[in-house]
Amino acid sequence: MSDRLPIKTPTSSPVPFQLDIPGAILVTLPGEQLRSHLLNLICREAYQEGDFMLSSGQPSPYYINGKLVTLHPQGAVMVARLLLDQVHPETLGVAGLTLGADPMVTAVSLVGLYANRSLFPLIIRKEAKGHGTKAYIEGLNLPPGSLIAVLEDVVTTGQSALKAVDRLQAAGYQVSQVLALVDRQQGGGELYAEHKLGFSSLFTIAEIQAYRHQLELSTTA
């Protein structure tokens, strides 16, 4: 008699949306096609409208849960491939504030390895660890002065990524740029410019809302 527990098939929730593209093809698609598929995934899975309170304390009529894309197997690959193209060649590490950046730095590091680029992932804690080394930064120790790119899923005011920048600089690293999945265009880019940080995002909120509108029209036609 088998001592294995029976596996129950979940029936209460629908299977998450997936692109009809094999993984082997997804990793080789040209950038523009990749970007189009990623936009589709964001609009279908991560974008919601309603009454929301953001981490910045601002109310908002919409919300983008970037983790529903960066923790999606296909989404992680697409995000990482597109961000990797924007990371400066001299960069040694990719870092970000936990929790939103955690899957991003890991994915970019792994995809980078397959592209013959060694990018070491670093995770920045919001508070110092309360035991052991009591570190703010998790990951391998890189040489002082190493160039680091900071990653963020959704940028609003820019304060979250700036906390990561401050921690990295305090640890002796140089931060060259902030790269994001989505820019809500609510002051983040201007804040980074004030701190002389390069900034770019894969998408703006205007692009996402325009595409979402197209999807809604196509489903009601």
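Computed from the coordinates by the stated procedures, all read-outs in this text should not be read as laboratory data. The shown structure was predicted, so the numbers you read here are calculated from the model rather than taken from an experiment. Reconstructed Cβ throughout: ideal geometry from the backbone, glycine too, with neighbour counts over all protein chains shown.
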5 angstrom amide H check on residue 135, placed H, neighbours 5+ away: 129
Positive end of the charge dipole of the chain (Lys, Arg +1 and Asp, Glu -1 on Cβ, about the Cα centre): tell me which of 210, 77, 220 has its Cα farthest that way. 77
Based on DSSP H assignment, which helices of the chain show an axial Cα extent of at least 18 Å together with a mean Kyte-Doolittle hydropathy greater than or equal to 1.0? 102-114
Net charge near residue 201, counting Lys/Arg +1 and Asp/Glu -1 over other residues with Cβ under 15 Å of its Cβ? -4
Given H placed 1.01 Å from N in the peptide plane, which residues other than close sequence neighbours of residue 199 have an amide H under 5 Å from its amide H? 178
Computed label-point distance, nm, for sites residue 116 and residue 45 using a 7 Å Cα→Cβ extension: 3.1 nm
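With only Lys, Arg, Asp and Glu charged, each at its Cβ (+1 for the first two, -1 for the last two), find how big the charge dipole of segment 132-221 is about the Cα centre; round to the nearest 20 debye.
Roughly 240 debye, rounded to the nearest 20.
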Please state the charge dipole magnitude for the chain, taken about the Cα centre, from unit charges on C-beta atoms (+1 on K and R, -1 on D and E), reported in debye and rounded to the nearest 20. 560 debye
Looking at segment 69-209, what % of its DSSP beta bridges pair antiparallel, to the nearest 5? 10 percent
Under the definition of Cα pairs under 8 Å and six or more residues apart, what whole-number percent is the relative contact order of the chain? 15 percent
How many Lys pairs in the chain lie less than 27 angstrom apart by Cα atoms, where the lysines are 8 or more positions apart or on different chains? 11
Calculate, for residue 213 and residue 65, the FRET efficiency according to 1/(1 + (r/R0)^6) with r their C-beta to C-beta distance and R0 25 Å; round to the nearest 0.05. 0.85
Helix-derived mean residue ellipticity, 222 nm - over the chain, DSSP H n ≥ 4, -39500 (n - 2.57), to 500: -10500 deg cm²/dmol
Whose amide H sits under 5 Å from the amide H of residue 17, counting only residues 5 or more places off or on another chain, with H placed in the peptide plane? none
